[in-house]
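The values are calculated or read from the model by the stated rules, or taken from the named source; none is laboratory data. These numbers were taken from a predicted model, which means no experiment stands behind them. Every residue, glycine as well, gets a Cβ built from its backbone with ideal geometry; the counts of neighbours run over all protein chains shown.
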Amino acid sequence: MGERSRYLPRRSCLSVPGSSDKMLGKAPGIGADMVFLDLEDAVAPLEKESARDKVVKAINDLDWGDAVLCVRVNAWDTEWTYRDVIHIAENASERLDELMLPKVQSAAEVQALDMLLTQIEQVTGRQGRIGIEAQIETARGLINVEEICAASERLETIIFGPADFAASTEMPVLTGGVQVDEYPGDHFHYVFSKILMAGRANGLQVIDGPYLKIRELDALRDYAMRTRTLGYDGKWALHPDQVKVINEVYTPTQEQFDRALDILEAYERATTEGGAGERKGAVMFGDEMIDEASRKMATKFVTRGERAGMTRSQESSS
Ligand code: GLV
Ligand code: MG
């Protein structure tokens, strides 16, 4: 459905192996904001071709509710990509929102996918434009992330892939996407920030990748809070148990949501009420000064809260 999904929440992004009928069948009921049916690394090479039909069937036959629905195709350096794209885009119903392109190294890779999709949409008469999610998971991809984020109007998100990224940069770790205790600080801080800037500069949602220690939910909560605090929109989930934790982390608290609404109301009153010369751009809100920048910060909380279905719990305190 193309544009439908651009601004929808993606707090939790659930990865579902496209070769598993059982997991495909369960995926719609798990409560993730976004679901991607994987043809890439969660599918064994010998299952890649048969997985395409399973994925198409799941898209066309299951009720996906409001979730953003995506398929991750294989990267352009494999033999599978063009057939993945053609098979899925020609056979999936309009319910398919986007394709995810992994291991993106350059803007040209996104443009190639964009051109292929344009032709498929023309030939099949598809109504909605298929969006693109791009994964940054190599050193070269990170160096080119600014051009990548500006490469196509179809782009909706930019995603960090920590496992492949650790492999690409030869970090001496055996688990991707978790804290490295030997490092004094956050070993991915630069990467998180660089991807965030490139994504935001181009109006994209910015998503953090998987946390591979599936059973360690407290550690997941702690780690997810890092990208949430920087400003990311959401994070991948590899298991239903991770979805709940991630949805919580990426939703404002009720207190934050109410306070943001109060700030917006107080600012609106200050800037519009009164006669000429009496309207103010900066005004006291409790014991702090608020202005246009406060309005912008508060708007983000309200938008995120509303996306998560929140409503105000109290009357305006200002
Ligand atoms: C995700 O694809 C990752 O490599 O972390
Ligand atoms: Mg990867």
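Out of Y267, Y250, Y190, which single residue is surrounded by 20 or more Cβ atoms within 10 Å (Cβ to Cβ) and under 22 Å from the mean Cα position of the chain (by Cα)?
Numbers: Y267 fails: under 22 Å from the mean Cα position of the chain (by Cα); Y190 fails: surrounded by 20 or more Cβ atoms within 10 Å (Cβ to Cβ).
Within the list Y267, Y250, Y190, the selection yields Y250.
Show the residue pairs meeting these rules: Cβ distance below 7 Å; 6+ apart or different chains; first residue within the range 125-143 and under 25 Å from Y7 (Cβ atoms) and in the same structural domain as L204 (by TED's automatic domain parsing); second residue of a type in the set (F, W, Y) and part of a strand (DSSP E or B).
So the pair list comes out as I136/F160.
Quick grid of which residues meet (1) in contact with a helix residue (DSSP H, G or I) (Cβ under 9 Å, 6 or more places away or on another chain); (2) closer than 21 Å to G128 by Cβ; (3) among the hydroxyl-bearing types (S, T, Y); (4) touching a residue at least 40 places away in the same chain (Cβ under 8 Å):
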{"site": "L14", "(1), (2), (3), (4)": "yes, no, no, yes"}
{"site": "I30", "(1), (2), (3), (4)": "yes, no, no, yes"}
{"site": "K54", "(1), (2), (3), (4)": "yes, no, no, no"}
{"site": "I59", "(1), (2), (3), (4)": "yes, yes, no, no"}
{"site": "G65", "(1), (2), (3), (4)": "yes, yes, no, no"}
{"site": "T78", "(1), (2), (3), (4)": "yes, no, yes, no"}
{"site": "V85", "(1), (2), (3), (4)": "yes, yes, no, no"}
{"site": "R95", "(1), (2), (3), (4)": "yes, yes, no, yes"}
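Considering the range 1-31 alone, what residues qualify as being assigned to a loop (DSSP other than H, G, I, E, B) and away from ligand 1 (no atom under 16 Å from the Cβ)?
Of the residues in the range 1-31, the ones assigned to a loop (DSSP other than H, G, I, E, B) are 1, 6-11, 18-20, 30-31.
Hits for the range 1-31 are M1, R6, Y7, L8, P9, R11, S19, S20, I30, G31.
Take the residues of the range 88-113 that are surrounded by 18 or more Cβ atoms within 10 Å (Cβ to Cβ) and among the charged types (D, E, K, R): which is nearest to ligand 2 (Cβ to nearest atom)?
K103
Would a scan of the range 106-127 turn up a residue that is within 23 Å of S12 (Cβ to Cβ) and in a loop (DSSP other than H, G, I, E, B)? Please lay out each step first, then the result.
So in the range 106-127, the residues within 23 Å of S12 (Cβ to Cβ) come out as none.
Among the residues of the range 106-127, not one is within 23 Å of S12 (Cβ to Cβ) and in a loop (DSSP other than H, G, I, E, B), which makes the answer no.
Within the range 155-182, count every residue that is over 19 Å from D222 (Cα atoms) and within 16 Å of ligand 2 (Cβ to nearest atom). Even if it seems obvious, please write down each step before you answer.
First, the residues of the range 155-182 that are over 19 Å from D222 (Cα atoms): 155-159, 164-174.
Among the residues that remain, those that are also within 16 Å of ligand 2 (Cβ to nearest atom) are: 157-159, 164-171, 173-174.
Total satisfying the criteria: 13.
Evaluate the range 214-236: report whether one residue or more is out of contact with any helix residue (DSSP H, G or I) (no Cβ under 9 Å at 6 or more places or on another chain) and either outside the structural domain of I148 (by TED's automatic domain parsing) or closer than 19 Å to E133 by Cβ (or both).
The answer is no; no qualifying residue exists.
Among the residues of the range 32-54, count how many are more than 16 Å from ligand 2 (Cβ to nearest atom) and in a loop (DSSP other than H, G, I, E, B).
So the answer is 2.
Let's see how each residue does on (1) in the same structural domain as D66 (by TED's automatic domain parsing); (2) outside any helix (DSSP H, G or I); (3) within 13 Å of R259 (Cα to Cα); (4) at pLDDT 95 or above:
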position	(1), (2), (3), (4)
K280	no, yes, no, no
M284	no, yes, no, no
A293	no, no, no, yes
K296	no, no, no, no
F301	no, no, yes, no
E315	no, yes, yes, no
S318	no, yes, yes, no
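Just checking, does the range 41-51 include any residue being in contact (Cβ under 8 Å) with a residue 60 or more places away in the chain and within 16 Å of ligand 1 (Cβ to nearest atom)? Give the steps one after another, and end with the answer.
Within the range 41-51, the subset in contact (Cβ under 8 Å) with a residue 60 or more places away in the chain is 41.
The next check asks that each one be within 16 Å of ligand 1 (Cβ to nearest atom); those that pass are 41.
The answer is yes, given that some residue of the range 41-51 is in contact (Cβ under 8 Å) with a residue 60 or more places away in the chain and within 16 Å of ligand 1 (Cβ to nearest atom).
Tell me which of these S152 doesn't satisfy, since it passes every other one: (1) without any contact (Cβ under 8 Å) to a residue 24 or more places away in the chain; (2) of a type in the set (G, A, S); (3) away from ligand 2 (no atom under 13 Å from the Cβ).
All conditions are met except number (1).
From R129, R140, which residue is basic (K, R) and away from ligand 2 (no atom under 15 Å from the Cβ)?
Details: R140 fails: away from ligand 2 (no atom under 15 Å from the Cβ).
Answer to the check: R129.
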